[in-house]
Amino acid sequence: MERGPLSSTSLRSVVCVLPTRCPYCPADAPRHWIGWGSYERYSGDVEDPSQRVAIPRYRCKLTRRTFSLLPDGLLPYCGERTGLVLGWLYALCVQRVALSTLSRTERVARGTLRHLKARFLRAVSVLRLPRREGVWGAAPFLEALAQKGSAVIAELFRVWKEREPKHCIVGIYVR
Ligand SMILES: [Zn+2]
């Protein structure tokens with residue numbers, strides 16, 4: 001099943017990346033945050049679901065609020081790696097693979113897939129791809145995304161995560 005860059009290995013990376021901005025202040029504000037410890041979360045490893053990774057936390061010196069930036073392979077409030085999640089959504093929404101079939105071939109619980117798809121359908125209307133206006137349906141959005149290289153996709157997600165750390169495709173959560 002061809003899902004191209006959506007299921008690439010770079011979108012499964014749990015290597016931490018440094019933030020380029022603070023989500024509480026204007027994007028072009030000079031660096032004004034400091035390291036503020038870390039927290040642990042599950043790494044979304046399908047082979048070993050109990051595996052955890054340390055995610056560095058930062059503190060904005062102006063608002064005194066903390067934030068962090070998840071690695072490219074992880075999404076907020078999502079137990080699976082980014083590349084897998086996007087590949088599954090592509091299969092369900094674009095390739096129209098039946099949920100039960102995908103559940104069997106990918107060895108993932110049907111409830112997990114159903115939940116992901118529902119959350120994605122709710123979030124897709126507020127996501128904007130660069131230089132594209134308007135609201136997208138799930139399938140056109142994923143098709144447009146799949147045409148970009150994995151580095152571009154990773155960068156896009158990084159920008160979304162940095163701007164709104166709790167709002168990212170399936171992890172949407174309005175502050
Ligand atoms: Zn700030």
*Expressed as a rounded percentage, what relative contact order does segment 22-72 have, with Cα pairs under 8 Å and six or more residues apart?*
34
*asked:* Based only on other Cβ atoms within 10 Å, what is the fewest-to-most ordering of Glu155, Glu80?
replied: Glu155, Glu80
*Looking at the chain, what % of the alpha carbon pairs are farther apart than 29 Å?*
20
*asked:* As I understand it, the dipole of segment 45-175 uses +1 on the Cβ of Lys and Arg and -1 on the Cβ of Asp and Glu, about the Cα centre. Which of Ser68, Leu89, Leu99 lies farthest toward its positive end?
replied: Ser68
*What angle do you read, to the nearest 10 degrees and between 0 and 90, between the alpha-carbon axis of helix 150-163 and the longest principal axis of the chain?*
50
*Quick one: plug the Kirkwood hydrodynamic radius of segment 11-84 (C-alpha pairs) into Stokes-Einstein at 4 °C, 1.567 mPa s, and report D in µm²/s.*
98
*Neighbour-count ranking [beta-carbon atoms within 10 angstrom, fewest first] of Glu40, Glu162, Glu47*: Glu47, Glu40, Glu162
_Neighbour counts of other C-beta atoms within 10 Å: give me Arg59, Arg52 arranged from fewest to most._
Arg52, Arg59
*For helix 110-123, what angle does its Cα long axis make with the longest principal axis of the chain, in degrees from 0 to 90 and rounded to 10?*
60
*Within the set of other residues whose C-beta is less than 13 Å from the C-beta of Arg107, count the net charge using Lys and Arg as +1 and Asp and Glu as -1.*
-1
*Leu74 long-range amide H proximity, modeled H, under 5 Å*: Thr82
*Return the percentage of antiparallel bridges among DSSP beta bridges fully within the chain, rounded to the nearest 5 %.*
100
*Sequence-separation-based contact order of segment 4-171, relative, with Cα cut under 8 Å and 6+ spacing, percent*: 28
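Laboratory data are not the source of any read-out in this text; all were calculated from the coordinates shown. Model, not experiment: these values are computed from the prediction. For neighbour counting, all protein chains shown are included, and Cβ atoms are generated from backbone atoms with ideal geometry for every residue, glycine included.
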